[in-house]
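Asks: Pasting a structure here, questions to come.
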Amino acid sequence: MNLEKVIFSFFMILALTLNFGFFYGDVHNPDHHNIYELYAVIVINLIATILKFGDRSQLGAMLLATSLVANVQLISAAIVWAVASHMQAAGVTEATMATIVSLSGGAVLANIISVILLVLESSYLRH
Amino acid sequence: MSPVTSIILRQMRAPLIVIVTVFSIAILGMVLIPGIDDQGQVWRMDFFHALYFVSFTATTIGFGEIPYPLTDAQRLWALITIFFSVFGWFYAISKIVSLIQTPLFKKAVIHSNFKRSLGQINKKFYLICGYGETGQDLVDRLVKKSVNCVVIDNNHRAIEELEVQDYIFYVPGLEANATTPSQLLYAGLSHELCKGVIAVTNSDVSNLKIAITAKLLYPEKPVICRSEHTDFEENMRSFNTDHTVNPYDTFAHGFAMAMKSSALHLLNEWLTGVPDTSLSKPISFRQGHWILCGYGRLGQRIYSILRQFNHSVTIIDTITELKEEFYQNNPGVDSEFIIGTGTDAATLKQAGIENAVGIVAGSDNDSNNLSAIMTAQILNEDLLVVARQNEMMNKALFQASLADIIMHPSEIVARRIRTLLTNPLLIDFLEECYHQDNEWINITISRLSGSINEVIPHCWTNTLNQKESPAIHEALVMGRKIALKYILKNPVQRQEMICCMPLMMLRNGKRYLLPDEELILQPNDQILFCGISQAEHYISQCMHDIHTLNYVMSLKNSPDSLFGRYLLGSTKRKRRNND
């Protein structure tokens, strides 16, 4: 067992699960989507991205790309949330919530690809 | 991904994770700990404000307690935040700074810069191995002729020297061992625009290794090598090295030319010298006694030339073995061999300095050479002095010593290679001159001095092909007869001739010396010219522009544009209708 691999996989899978947790629920219902969860997803995703830095293999490049995509999606979701709640008189409306959740939905997809690649890599290693 | 970014990213993993973790904990704390707003109500910082607060605190900007003054609980958390986040931030910065300073990183940066500049080269270039005196001189001259170069040298200081040189365009330099095949390939040998390899390191062994590598991997690419030992030279020639340049042989050849005729020597000096510098003065050799200080590689060659022209010679050298070898190789010779340095008056007097006509100071020690010259000149003022200069830094000393001929091996090699690369026809021309009689040479030199402005002239070759001279080539292919004299006319004022002289023409492999002005040109002729610096520019105008060519040939210009041709056609038609 390789501790580095454990940490690496841990962060990647945690990013996916948290992301899914935030995404899951009624798309425009603010009660179904916890802001702390979004915060945690962003932090974990950032760490997962940093862990992928400097890997020069083809797979490493793919993993880094998917993580960067997830980050872009999640940070835009956070920015939308911040803009809606602080700079708009109406606050976080149902429509805004739907935007935020759908953005995080895209991140879920990217994270799923990440995990699939991870599983593929480990299954190749076994042979 | 370039190795540089890869190294940075890999090294920055730990500091970045520290920063992200510290920030996230600090922000979360700020969000969770309740505060009080200006109305005394319980107020929680949201993520947006918490991120703002932690960001300016961590980077020590410190805007203060925004938007409301903090409660004591919040202040306690802010305190913890400050210590940890500022620490994390500084840790990351110090990591970057220390990373930049590591030799490995510097090396990666230099290599990636080199690779980038090599990728940006879009013209043919020469790979120059060794940036010593010869290399510097060569690169300097090639760049002035707008020929691209790439330099490889294993000496760190040589590459630094290259970086600070003020060339008109960038010359990439790589600090690597050129004798290692992989490094040579990396330096651009495998590049499709690499036109040839020039090995001018100070060691024959290295030059040989470079030549072998280049010839084995890319047999079609020309290789020019410097070699100072005959056995290495033969070795290099054995596997088709295109040119080997031996400074002693080259100098000896020039010396033999000078012995044969001083005009021939002058011709050689003028045509191969550095353009726009002052002309060297003619040297006259008197028949008589010569003193040869130093019987090494140079001395031995000069000795045989002096004997060939029936001069009597006395040799002075410090090495006894050379004396024995000399008498063994030349049995029954009347030349005297004195053991000594030749720097003291006693030895020189013993060698017959008072009655001598010339002295050659040819040892590999500059101080000894200078000392010998100075002592000899005191003893006999009318001496012809030939001095060998080994180090570039002593140039001023040798010039001050009033030596008539200065032999500087690096300079000789650089000059020879430069001519080989930029003007191979000139070497053929000088070779032909060597076989001409004295009268011909004297006439040539007087004609030459008429067409140059008291400075060393420029020499260049024009090839009448599609690529280099499209206008003339097209006219010739269409069947127009163009005499050589037309392209020697000033394209601004056709009554005047340009200060320039055609030296040789090469047609179908045959050489024509000093072609006549009435000669009719043919496509693919190669013509060697020599003249003032503007002359090359004037001639190239004629070669490139059909209107200029028509002007110097006093022909009418036909309009080039569609409208112009239509206009001309319609007037012609009208005239025809009227008739």
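The values are calculated or read from the model by the stated rules, or taken from the named source; none is laboratory data. Keep in mind it's a predicted model, so treat the numbers as computed, not measured. Glycine also receives a Cβ, built like all others from the backbone with ideal geometry; neighbour counts cover every protein chain displayed.
Asks: Go through (1) buried (at least 16 other Cβ atoms within 10 Å of the Cβ); (2) assigned to a helix (DSSP H, G or I); (3) more than 11 Å from chain B (Cβ to nearest Cβ) one by one and return the number of the condition A:His28 breaks.
Replies: (2)
Asks: Residue under question is B:Ile19, and the condition is that it be in contact (Cβ under 8 Å) with a residue 12 or more places away in the chain and more than 22 Å from A:Ile79 (Cβ to Cβ); does it hold? Even if it seems obvious, please write down each step before you answer.
Replies: Details: in contact (Cβ under 8 Å) with a residue 12 or more places away in the chain: yes; more than 22 Å from A:Ile79 (Cβ to Cβ): no.
No.
Asks: Among what's in segment A:88-109 and is of a type in the set (A, V, I, L, M), over 18 Å from A:Asn34 (Cβ atoms) and assigned to a helix (DSSP H, G or I), pick the residue that is nearest to the other protein chains (Cβ to nearest Cβ).
Replies: The initial filter retains those residues of segment A:88-109 that are of a type in the set (A, V, I, L, M), namely A:89-90, A:92, A:95, A:97-98, A:100-101, A:103, A:107-109.
Next cut, over 18 Å from A:Asn34 (Cβ atoms) only: A:89-90, A:95, A:109.
Now restrict to residues that are assigned to a helix (DSSP H, G or I): A:95, A:109.
Values: A:Ala95: 20, A:Leu109: 23 Å.
In this case the residue turns out to be A:Ala95.
Conditions (1) within 19 Å of A:His86 (Cα to Cα); (2) within 14 Å of another protein chain (Cβ to nearest Cβ), marked per residue:
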| site | (1), (2) |
| --- | --- |
| B:Ala26 | no, yes |
| B:Asp37 | yes, no |
| B:Arg44 | yes, yes |
| B:Tyr52 | yes, yes |
| B:Glu65 | yes, no |
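Asks: A:Ala84 - would you say it is of a type in the set (A, V, I, L, M, F, W, C), closer than 18 Å to A:Ala15 by Cβ, crowded, with 18+ Cβ neighbours inside 10 Å and at pLDDT 90 or above?
Replies: Values: of a type in the set (A, V, I, L, M, F, W, C): yes; closer than 18 Å to A:Ala15 by Cβ: no; crowded, with 18+ Cβ neighbours inside 10 Å: yes; at pLDDT 90 or above: yes.
The answer is no for A:Ala84.
Asks: Any residue in segment B:273-291 that is part of a helix (DSSP H, G or I), within 23 Å of B:Ala414 (Cα to Cα) and among the β-branched types (Val, Ile, Thr)?
Replies: Step one: list which residues in segment B:273-291 are part of a helix (DSSP H, G or I), which gives none.
No.
Asks: Can you pull out every residue in segment A:50-87 that is polar (S, T, N, Q) and either closer than 22 Å to B:Ile17 by Cα or more than 13 Å from every other protein chain (Cβ to nearest Cβ) (or both)? Outline the logic, then answer.
Replies: Looking only at segment A:50-87, we keep the residues that are polar (S, T, N, Q), and these are A:57-58, A:66-67, A:71, A:73, A:76, A:85.
A:Ser57, A:Thr66, A:Ser67, A:Asn71, A:Gln73, A:Ser76 - these are the residues of segment A:50-87 that are polar (S, T, N, Q) and either closer than 22 Å to B:Ile17 by Cα or more than 13 Å from every other protein chain (Cβ to nearest Cβ) (or both).
Asks: How many of the residues making up segment B:319-333 are more than 26 Å from B:Gly254 (Cα to Cα), in a loop (DSSP other than H, G, I, E, B) and either under 37 Å from the mean Cα position of the chain (by Cα) or not β-branched (Val, Ile, Thr) (or both)?
Replies: 2
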